[in-house]
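The values are calculated or read from the model by the stated rules, or taken from the named source; none is laboratory data. Remember, it's a predicted structure, so these values are computed and weren't measured experimentally. Reconstructed Cβ throughout: ideal geometry from the backbone, glycine too, with neighbour counts over all protein chains shown.
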Amino acid sequence: MLQIDQSKRKEVRDVALSTFDVMNVLGVKRECLRAWMSEGFITPSKQAEGQGTKAEFSLLDLCNVAKFQMLIDMGYKRSVAARLSK
């Protein structure tokens, strides 16, 4: 039977990625990611609270952004892609 190390599971769940991390991992341009966020298509787990603060993305958020990007690349409208990627 597969044993899951609970301490590792918590570490993965608590990962916080910056906008820069998401851009680098997925190859999304900064302008695109920021536009998707400002238009409400992409929602990080923690919103930036003003100048000098950072939005934080969880691993689930990262997966949702990747799904959104894939759906856009497949020709879906952004509003449809946003609904399908959550």
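Brief remarks follow.
- Of all residues in the range 16-39, exactly one satisfies the criterion of being touching a Ser or Thr at 6+ places or on another chain (Cβ under 9 Å) and loosely packed, with under 13 Cβ neighbours inside 10 Å, namely ARG30.
- Taking the range 55-86 as the range and being without any contact (Cβ under 8 Å) to a residue 40 or more places away in the chain, touching a Lys or Arg at 6+ places or on another chain (Cβ under 8 Å) and assigned to a loop (DSSP other than H, G, I, E, B) as the test, the residues that pass are ALA55, SER85.
- Selection within the range 40-66 - at negative phi, loosely packed, with under 15 Cβ neighbours inside 10 Å and out of contact with any helix residue (DSSP H, G or I) (no Cβ under 7 Å at 6 or more places or on another chain): LYS46, GLN47, ALA48, GLU49, GLN51, THR53, LEU60, CYS63
- For the range 1-40, the candidate set comprises residues that are among the small types (Gly, Ala, Ser) and modelled with pLDDT of 90 or more; within that set, the residue that is farthest from ASP73 (Cα to Cα) is SER18.
- Residues (charged (D, E, K, R), assigned to a loop (DSSP other than H, G, I, E, B) and more than 16 Å from SER85 (Cα to Cα)) located in the range 21-54: LYS29, GLU49, LYS54
- Any hit, the range 51-69, residues being under 12 Å from the mean Cα position of the chain (by Cα) and at pLDDT below 90: yes
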